[in-house]
Every structure is written in structure tokens, then in C-alpha cells.
Amino acid sequence: MEYRIRTWPDKILKEPTKEVDFFDERLQEYIDKMWEFMYKEEGVGLAANQIGIPYQILVIDTTIREKRQEDETEEPVKMVLINPKIVEKEGEVMSTEGCLSFPGVQITIPRAKRVKVIGKNEKGEDITVESSEFLAIVLQHEIDHLNGIPFINYLSPLKRKLVLDKYLKSLKEDQYETA
């Protein structure tokens, strides 16, 4: 498998990922690759399909200080979540987000203010994560990826078209410049 950051409109970003039913060396290899790419690209979260792995795996590290919000009171976390599902959502907050799969794109979209997520850790043990701050937004963003939902889907159709047109134009310009 060729690991690389997949960018829109790569097909793997549009499809829901498969549930993980293996907790072995292969899973650990996937997780290790995900950490490697997330840190190399300076992200705070990464969904497996963003590097071509079609499974429900995500990694998050909110300990990276410069990515955190000034008013955060929540303890920073570093975690792996397997087969994550949002089971509770509450409130709404506007979130300005970027995405490794949409380089150069920053948009402001609505997110739930508080979430409760269930899933498993890399050993297959059940875990529950509750958050009402930055982690809640990162969880929603990455779980959306695993479900084949890019963050641009939260924009109105007109705004989405404008953002995508600008993004695709910048991709063509980059290809032209490197050719």
C-alpha cells in the first residue's frame, strides 16, 4: 500500500470506511503510519482514509500547543480511536477549520459544542471520550472523514461551489508550476 496524504477529490475521501475487526500488527502498522504523517504535516488529527487506509481508525494529538485555543481548560490528549461513533451531541459553535486533505482551505462551519464518542483503543478495549472544547471539534472533523463526509459539506451549496472552484483552481496552478 502506498501511504500518502490523499487530497480532494480522491475517491477514498468520499466513501465510508470499514469497521476494524483486527487488533494485531497490521493495525499497529497503520497507526504508526498515521502518527508519522500527521506529525510530518503538522496536523492535530488524522483519519485513516486520509492516507489511503480504508478503516475506521483515527489519531489525535491536542498536546501540540500552538494548535490549541487560548481559553481552553480541557487537558490536552494524545489518542487512538478505533471504530469511533458519536453517541451524543449538544449545542452549537462556529469552528474555523483547515484540513490536510484540502491544503490551503480554511472555512468556518457549525459543529456541536459538546460530544460523547465511544470506540475502542488499539488493544480493542472499549473507551468513551467526552469533550466540550477543541477536542470535540477535532473528533467531529475526523469522524466525518471516516464516514466519507468532507468538512465542505457543511457549507451551503453556493459557498461549497465557490470554495471548491477556488481550491481546484489552486491545484491546477500548483501542477502547472511544478510541470
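The values are calculated or read from the model by the stated rules, or taken from the named source; none is laboratory data. These numbers come from a predicted model, not from an experiment. A quick note on method: Cβ atoms are made from the backbone with ideal geometry, for glycine too, and the neighbour counts reach across all protein chains shown.
Brief remarks follow.
- Of all residues in the stretch 12-41, those that are touching a residue at least 12 places away in the same chain (Cβ under 8 Å) have Cβ atoms under 6 Å from Cβ atoms of residues that are of a type in the set (Ser, Thr, Tyr) and surrounded by 14 or more Cβ atoms within 10 Å (Cβ to Cβ), 6 or more apart or on another chain, in Leu13/Ser101; Thr17/Tyr55; Lys18/Tyr55; Val20/Tyr55; Lys33/Tyr3.
- Test for Thr128: is it exposed (fewer than 14 other Cβ atoms within 10 Å of the Cβ), in contact with a strand residue (DSSP E or B) (Cβ under 8 Å, 6 or more places away or on another chain), over 30 Å from Lys18 (Cβ atoms) and of a type outside the set (Lys, Arg): no
- Residue match in the stretch 68-83 (condition: within 15 Å of the chain's Cα centre (by Cα), in a loop (DSSP other than H, G, I, E, B), at pLDDT 95 or above and surrounded by 19 or more Cβ atoms within 10 Å (Cβ to Cβ)): no
- A residue that is under 15 Å from His141 (Cα atoms) and β-branched (Val, Ile, Thr) occurs somewhere in the stretch 17-32.
- Tally of residues being small (Gly, Ala, Ser), at pLDDT 95 or above and at negative phi across the stretch 137-179: 1
- Qualifying residue in the stretch 157-178 (condition: closer than 21 Å to Val20 by Cβ and in contact (Cβ under 8 Å) with a residue 12 or more places away in the chain): no
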